[in-house]
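Just so it is clear, none of the values below were taken in a lab; they were calculated from the coordinates. Every value quoted in this text rests on a predicted model; they were computed, and no experiment measured them. Every residue, glycine as well, gets a Cβ built from its backbone with ideal geometry; the counts of neighbours run over all protein chains shown.
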Amino acid sequence: MRRATAPLAAAALAVAATVTSPHAGAQAPARSGEAVYQALCSVCHAEGKDTAPKTGDRKAWAPRIREGQVALTGTAAAGIRLMPARGGDPSLPLEEFARATVHLANASGAQWKDPDPAMLERIAAVEMRRVEQLRKKQR
Ligand code: HEC
């Protein structure tokens with residue numbers, strides 16, 4: 001009898017693994033900043049495409065880092081000039097965008113930490129305000 005339960009247990013584990021995988025939807029745990037950076041942001045920031053501040057270019061990043069983590073992350077998430085909102089992926093969760101921003105900033109001289117829920121709320125508020133401003137400008 002013991003043997004017969006083993007495949008069942010394996011199947012249950014497989015189901016659990018699927019549910020917690022990064023592709024399982026809204027319930028998925030946030031990816032690391034580095035993973036998001038590699039998948040999305042590096043396309044423009046690794047080489048400094050157009051006017052994108054290059055990853056590791058401390059001179060380009062210093063004034064931006066001085067804005068502070070909340071202001072910079074919120075502004076960038078809303079999109080600014082040639083920087084597309086949420087890095088060009090509207091389905092990217094704000095938490096993952098914020099983590100990728102930490103990765104970029106820390107590679108360029110900052111010492112930021114992944115935002116906790118309280119900081120994420122403040123970032124979301126900045127993003128919302130900026131989106132409103134951008135909308136008004138378009139009218
Ligand atoms: C299509 C190209 C492109 C992609 C993809 C992209 N960026 Fe950018 N990003 C830019 C450009 C261009 C700027 C410069 C905007 C400016 O200051 O004029 C920029 C600026 C920024 C800034 C500074 C904003 C400021 O207020 O000065 C941050 C932070 C940033 N990007 C984060 C990210 C993150 C995080 C990702 C990935 C999730 C990402 N970017 C993906 C093009 C891109």
How many residues does the stretch 46-70 hold that are more than 8 Å from the ligand (Cβ to nearest atom) and either closer than 20 Å to A125 by Cα or touching a helix residue (DSSP H, G or I) at 6+ places or on another chain (Cβ under 6 Å) (or both)?
6
Taking the stretch 71-83 and keeping only residues that are of a type outside the set (S, T, Y) and either part of a helix (DSSP H, G or I) or within 8 Å of the ligand (Cβ to nearest atom) (or both), one is left with A71, L72, G74, A76, A77, A78, I80, R81, L82, M83
Do the conditions hold for A35, that is, is it more than 9 Å from the ligand (Cβ to nearest atom) and either closer than 21 Å to A124 by Cα or in a helix (DSSP H, G or I) (or both)?
yes
Restricting to the stretch 84-115, name every residue that is more than 8 Å from the ligand (Cβ to nearest atom), free of Cβ contacts under 8 Å to residues at least 60 places away in the same chain and touching a Lys or Arg at 6+ places or on another chain (Cβ under 6 Å).
S108, G109
S42 passes all but one of (1) within 10 Å of the ligand (Cβ to nearest atom); (2) in a helix (DSSP H, G or I); (3) surrounded by 18 or more Cβ atoms within 10 Å (Cβ to Cβ); which number fails?
(3)
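If I filter the stretch 116-127 down to residues being aliphatic (A, V, I, L, M) and touching a residue at least 40 places away in the same chain (Cβ under 8 Å), which single residue comes out as surrounded by the most Cβ atoms within 10 Å (Cβ to Cβ)? First the steps, then the outcome.
The first filter runs over the stretch 116-127 and keeps only residues aliphatic (A, V, I, L, M), leaving 118-120, 123-126.
Next, only the ones that are touching a residue at least 40 places away in the same chain (Cβ under 8 Å) stay: 119, 123-126.
Details: M119: 16, I123: 25, A124: 17, A125: 12, V126: 19.
For the stretch 116-127, the residue satisfying everything is I123.
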